[in-house]
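> Pasting a structure here, questions to come.
The values are calculated or read from the model by the stated rules, or taken from the named source; none is laboratory data. Note that the structure is a prediction, hence the values are computed from the model and not measured. As a convention, Cβ positions derive from the backbone with ideal geometry for all residues, glycine included, and neighbour counts pool all protein chains shown. Just so you know, the surface numbers come from the protein's heavy atoms only, side chains and all, with ligands and any DNA or RNA stripped out. Shrake-Rupley method; radii C 1.70, N 1.55, O 1.52, S 1.80 Å.
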Amino acid sequence: MSFTDAAQVRSAQASVPAPREQSAAARGGQSGTVPDEAQDAAAGLAEVARATEALYGVVAELDQLDLRGPSLLPGWSRGHVVTHLARNADALVNLLTWAKTGVEHPMYLSRADRDADIEEGSGRLPQLLRADLDAACQRFAAYARDLPTGAWEAEVDHPRLGLFRAHRVPWLRLREVWVHLVDLDRGVGFADLPPELVEGFLEDAAAHYADHPGTPEVRIEVEFPDGRQRDWALGSAGEGSPLVSGAAADVLGWLTGRHSGERLAGTAPALPSWL
């Protein structure tokens, strides 16, 4: 979907499009001899397409004043966020290239280069920001679509997550798109994310702090929209550790550093930096 298409179909009330029918591979149904890793990647790519559609709908409505305005990330305008999403797509293409060729292709040459690229692109005109984002999203989608099935099993290296198999790349992109869509602060919050994805994002967020220096000992009790509850423990939290609880969307916002935990029951401790 192009930005023009998104602007035509998006209504003021509908910030997130309804789920679309997935392929058999994405649903985990009949897949013949397709490896589990390729099926998992296909499911992730279907979700990335859905999230990108929602992203396009929001970014299409941002004018120059909006893009210069602050995002929910300290020190970043909305233009910074949009540019980061474009550069992240290209960085993940680098990981897929590594998976395909076996030749090391790091996401970024360095953290300084990453930051400089985002800063350079953040102040461009709206039409240039949109064109850059669209081109980067299309490059990622095309490269992932054409990736040989076996390449999804290859190991690649993420600067923060370490070694992992390439079939996780679409899911990394999915989290980037949804979380930074919230950061644009244009009517999409964590409560608007597809409910079936929020639990996985919470698992990833809790795992992020597992070996993170300075993580406080705290138990987390999460209530999902369907009435289910799940518990997580940060640090070496046990039965006697402090407890915080709340709705899944609010807990996710706290774990990802988007708010300080004021929406949760209990005293939410300060967490180490998310990035």
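> Evaluate the following for E223: is it in contact with a helix residue (DSSP H, G or I) (Cβ under 8 Å, 6 or more places away or on another chain) and modelled with pLDDT of 90 or more?
Yes; evaluated as a whole, the condition is true for this residue.
For (1) at pLDDT below 95; (2) of a type in the set (A, V, I, L, M); (3) open to solvent by less than 60 Å² (accessible area, probe 1.4 Å), each residue gets a yes or a no:
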site: A41; (1), (2), (3): no, yes, yes
site: Q64; (1), (2), (3): no, no, no
site: T83; (1), (2), (3): no, no, yes
site: L96; (1), (2), (3): no, yes, yes
site: K100; (1), (2), (3): no, no, no
site: A136; (1), (2), (3): no, yes, yes
site: A141; (1), (2), (3): no, yes, yes
site: E155; (1), (2), (3): no, no, no
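> In addition: Can you tell me which residue within segment 43-62, out of those that are open to solvent by less than 10 Å² (accessible area, probe 1.4 Å) and out of contact with any Pro (no Cβ under 7 Å at 6 or more places or on another chain), is nearest to G150 (Cα to Cα)?
Ranking the candidates gives A51 first.
> Scan the helices (runs of 4 or more DSSP H) fully inside segment 97-196 and keep the ones with 1 or more residues being in contact (Cβ under 8 Å) with a residue 40 or more places away in the chain and touching a strand residue (DSSP E or B) at 6+ places or on another chain (Cβ under 9 Å).
In segment 97-196, the matching helices (runs of 4 or more DSSP H) lie at 111-122, 169-183.
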